[in-house]
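The structure under discussion appears below in the form of C-alpha cells.
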Amino acid sequence: MKLSINLASRRHINQSALKLFLSVTVILLVLLLGVQIKQSLQDWQLSINYQSHLDTLQEQLQGKLPERLSTAELAQQQQVYDQAKTLLQRDAFRWTELFDRMELLLPSGVSLRSFKPGYDKNILMIAGVAKDLKSLQDLLDNLQKEKFHQVFLKNHSEVKVNDGLGGSRTALSFSISLKGVF
C-alpha cells in the first residue's frame, strides 16, 4: 500500500456546521448576558428601595430618645402587662379538652350543671346532680384517678328533680372543687 500525501490540498472543514455552532453559541451568550443585566437592574432597584426605607426610618428615629419612666409609671405598665398575661393564659386553656375528659369520667346517673373557673387559684368548681350516692362516689373515684392535684366534695344535698315522665324523684345535688386544672 502506497500512501501519498498531497501537501498542496487543504483540509476539508464543514463551514456551514461551524458557522451554525458559533451562531448558536453567540445567541446563547447574548441571552445569558441579557438575563444577567435584567437581574442586576432588579437588584439595583431593590437596593435603592431598601436604602430609601432605611433613610426614612433613620429620619424618624433622629432626635427621639427613649422616654424615661418613673417608678409609678413603671409599676402601672407592669400591672397592665400582668393583666394581659392573665388574660392570655385564660384564653389559652382548652375547654373542649376538659369537657371531653369529663365526659369520659362521668358515670351513668350523674349530670353536670355548671363549671365555674377560678383562674387565680387554679381551681375549677363543678356543680351537678347524681342519681344516687353510688354514682356520686364513682364520679369522685374517677376524678381522683384522673391526676387532678386535689378533688374536694364541697357540699351535697338531696333535691327533687323531674324524672321526665311528669313526676319527680330524689337525687343528690353536689359541688366539687378541682385543683390543678388550669
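Residues in region 116-123: is at least one loosely packed, with under 13 Cβ neighbours inside 10 Å and modelled with pLDDT under 90? Looking through region 116-123, at least one residue is loosely packed, with under 13 Cβ neighbours inside 10 Å and modelled with pLDDT under 90. Go through the residues of region 150-161 one by one and say whether even a single one is at pLDDT 90 or above and touching a Gly at 6+ places or on another chain (Cβ under 7 Å). No, there is no match, as no residue in region 150-161 is at pLDDT 90 or above and touching a Gly at 6+ places or on another chain (Cβ under 7 Å).
When region 114-124 is filtered for residues that are in contact with a Leu (Cβ under 8 Å, 6 or more places away or on another chain) and touching a residue at least 24 places away in the same chain (Cβ under 8 Å), the ones remaining, listed by number, are PRO117, ILE123, LEU124. Kindly indicate whether GLN89 is of a type outside the set (A, V, I, L, M, F, W, C) and free of Cβ contacts under 8 Å to residues at least 24 places away in the same chain. So GLN89 does not fit the description; no.
Do any helices (runs of 4 or more DSSP H) lying entirely in region 63-155 carry at least 3 residues that are within 27 Å of the chain's Cα centre (by Cα), and which ones are they? Those helices (runs of 4 or more DSSP H) span 71-92, 95-105.
Residues in region 124-142 that are open to solvent by less than 70 Å² (accessible area, probe 1.4 Å) and touching a His at 6+ places or on another chain (Cβ under 9 Å): 2 in all. Does LEU104 meet the test of being among the hydrophobic types (A, V, I, L, M, F, W, C), closer than 15 Å to ALA171 by Cα and open to solvent by 90 Å² or more (accessible area, probe 1.4 Å)? When the stated conditions are applied, LEU104 does not pass them.
State which residue is nearest to the chain's Cα centre (by Cα) when the search covers only region 156-180 and only residues that are hydrophobic (A, V, I, L, M, F, W, C) and surrounded by 11 or more Cβ atoms within 10 Å (Cβ to Cβ). My answer is LEU178. Within region 52-101, being within 25 Å of VAL181 (Cβ to Cβ) and surrounded by fewer than 10 Cβ atoms within 10 Å (Cβ to Cβ) holds for LEU88, ASP91, ALA92, ARG94, TRP95, THR96, GLU97.
The values are calculated or read from the model by the stated rules, or taken from the named source; none is laboratory data. Computed from a predicted model, the values in this text were never measured in an experiment. Cβ atoms come from the backbone with ideal geometry, glycine included; neighbour counts cover every protein chain shown. Quick note on the areas: whole protein, heavy atoms, side chains included, nothing else; ligands and nucleic acids left out. Shrake-Rupley method; radii C 1.70, N 1.55, O 1.52, S 1.80 Å.
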